[in-house]
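Quick notes on the structure that follows.
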Amino acid sequence: MGANMARCLKDRGYPVAAVFDRDAPTAQTIAGELGAVACRSLSSVTAAADVIFTVVTDDNAQRAVFAASGDSLLIGAAGKTFVNCATISPAVHVEIEAAAERAGASSLEACMASSIPQARNGTLYLMCSGRKPVFDGLKPILSELSDHGRLLRYLGPAGTAAQVKALVNMVMNINTAALAEGLGLGAALGLDLHALIEVFSQTGAASRIVTTDGEDMVNRDHACFFSAAHAAKDSGIALALAEGAGLNLPLAAATKAQYDRLVALGLGNIDKSGIAELTFPGRTATPRRTGDPA
């Protein structure tokens, strides 16, 4: 996601000064493509750029890049602006905003409800929260990533966008699990699954998941756009929010349990559509990948 966002901004005329990845060869490849510096430390990214985007995996990774000691984006951060795009716990976004402000910097969360192609094409759905003046100052660059601002939303103070993103992914994951069960039962009944997908898309069963994941489930093509591991993590974030609110969400809990099963089977790196491997009759949760013989 981060690499494709950088490519998009470069195409739109923004200079990309520096890139960092914990896998150094990846950073070097992207830097060579974009004419940027492949930084060996986080602090050197902050030194090179005025606006720094972070796209990391989870709460621990977000805290690590903004650490209070050792190599950190906060070194020399006065006057810099951070845009944090990861789907993480809302409380961590609040922590990072406070840490950035102590360092004399600004921070905005910009949660993404889209995938890899949209990052490259500048059509991300961006849900933002934090200080409103920070958001207003970043609107020109954020608009380039969100279909000229048509898909850009400001939602409130720090943590708000992360709450909304957790709910988006919770519902998306439930829809994915439901589609896998519907198609799995259809397979068990001997129905034409391609016709079933068409019927789903034209009736009350319709959702974007039918379009994005239906054929992949049938074809066992789980090339990763949003991993099963991330689906499990994000459902967990939503369930933690529900616990804090005193709510019981049985569908979200059951969906997380299914994705946890995929992770336990060593399939956390396949796409979330891989949940169908747990529901289709005769499958062994060892999905065929793109290019494998049928």
Checking Leu247 against (1) in a helix (DSSP H, G or I); (2) within 18 Å of Met170 (Cβ to Cβ); (3) not basic (Lys, Arg), the condition it does not meet: (1)
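Being under 25 Å from Ala68 (Cβ atoms) and free of Cβ contacts under 8 Å to residues at least 24 places away in the same chain: is that true of Glu95 here?
On the way: under 25 Å from Ala68 (Cβ atoms): yes; free of Cβ contacts under 8 Å to residues at least 24 places away in the same chain: no.
Here the answer is no, as Glu95 does not meet what is asked.
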Among (1) under 19 Å from the mean Cα position of the chain (by Cα); (2) surrounded by fewer than 19 Cβ atoms within 10 Å (Cβ to Cβ); (3) more than 22 Å from Leu142 (Cβ to Cβ); (4) in contact (Cβ under 8 Å) with a residue 12 or more places away in the chain, the one test that Gly35 misses: (1)
Any hit, the range 69-81, residues being in contact with a helix residue (DSSP H, G or I) (Cβ under 7 Å, 6 or more places away or on another chain), assigned by TED's automatic domain parsing to the domain that holds Arg7, surrounded by fewer than 16 Cβ atoms within 10 Å (Cβ to Cβ) and modelled with pLDDT of 95 or more: yes
Failed item in (1) surrounded by 15 or more Cβ atoms within 10 Å (Cβ to Cβ); (2) within 16 Å of the chain's Cα centre (by Cα); (3) of a type in the set (Gly, Ala, Ser), with Ala223 passing the rest: (1)
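Quick check: is even one residue across the range 108-115 farther than 21 Å from Asp58 by Cβ and without any contact (Cβ under 8 Å) to a residue 60 or more places away in the chain?
From the range 108-115, those farther than 21 Å from Asp58 by Cβ are none; that's our starting set.
No.
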Wholly enclosed helices (runs of 4 or more DSSP H) of the range 96-213 bearing at least 3 residues surrounded by fewer than 20 Cβ atoms within 10 Å (Cβ to Cβ) and more than 24 Å from the chain's Cα centre (by Cα): 160-188, 193-201
Any pair with Cβ under 8 angstrom, 6 or more apart, that starts in the range 137-150 at a residue that is free of Cβ contacts under 8 Å to residues at least 40 places away in the same chain and ends at one that is among the basic types (Lys, Arg): Gly149/Lys139
All positions within the range 224-238 that are touching a helix residue (DSSP H, G or I) at 6+ places or on another chain (Cβ under 8 Å) and in contact (Cβ under 8 Å) with a residue 24 or more places away in the chain: Phe225, Phe226, Ser227, Ala228, Ala229, His230, Ala231, Ala232, Asp234, Ser235, Ile237, Ala238
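Here is a check on your reading of the model: is Val218 among the aliphatic types (A, V, I, L, M), out of contact with any Lys or Arg (no Cβ under 6 Å at 6 or more places or on another chain) and either crowded, with 16+ Cβ neighbours inside 10 Å or at pLDDT below 95 (or both)?
On the way: among the aliphatic types (A, V, I, L, M): yes; out of contact with any Lys or Arg (no Cβ under 6 Å at 6 or more places or on another chain): yes; either crowded, with 16+ Cβ neighbours inside 10 Å or at pLDDT below 95 (or both): yes.
It is true that Val218 is among the aliphatic types (A, V, I, L, M), out of contact with any Lys or Arg (no Cβ under 6 Å at 6 or more places or on another chain) and either crowded, with 16+ Cβ neighbours inside 10 Å or at pLDDT below 95 (or both).
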Filter pass, Ser89 being within 21 Å of Pro157 (Cβ to Cβ), out of contact with any strand residue (DSSP E or B) (no Cβ under 8 Å at 6 or more places or on another chain), buried (at least 17 other Cβ atoms within 10 Å of the Cβ) and polar (S, T, N, Q): yes
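The values are calculated or read from the model by the stated rules, or taken from the named source; none is laboratory data. No experiment lies behind these values; they were computed from the predicted model shown. So basically every Cβ, Gly included, is an ideal-geometry build from the backbone, and we count neighbours across all protein chains shown.
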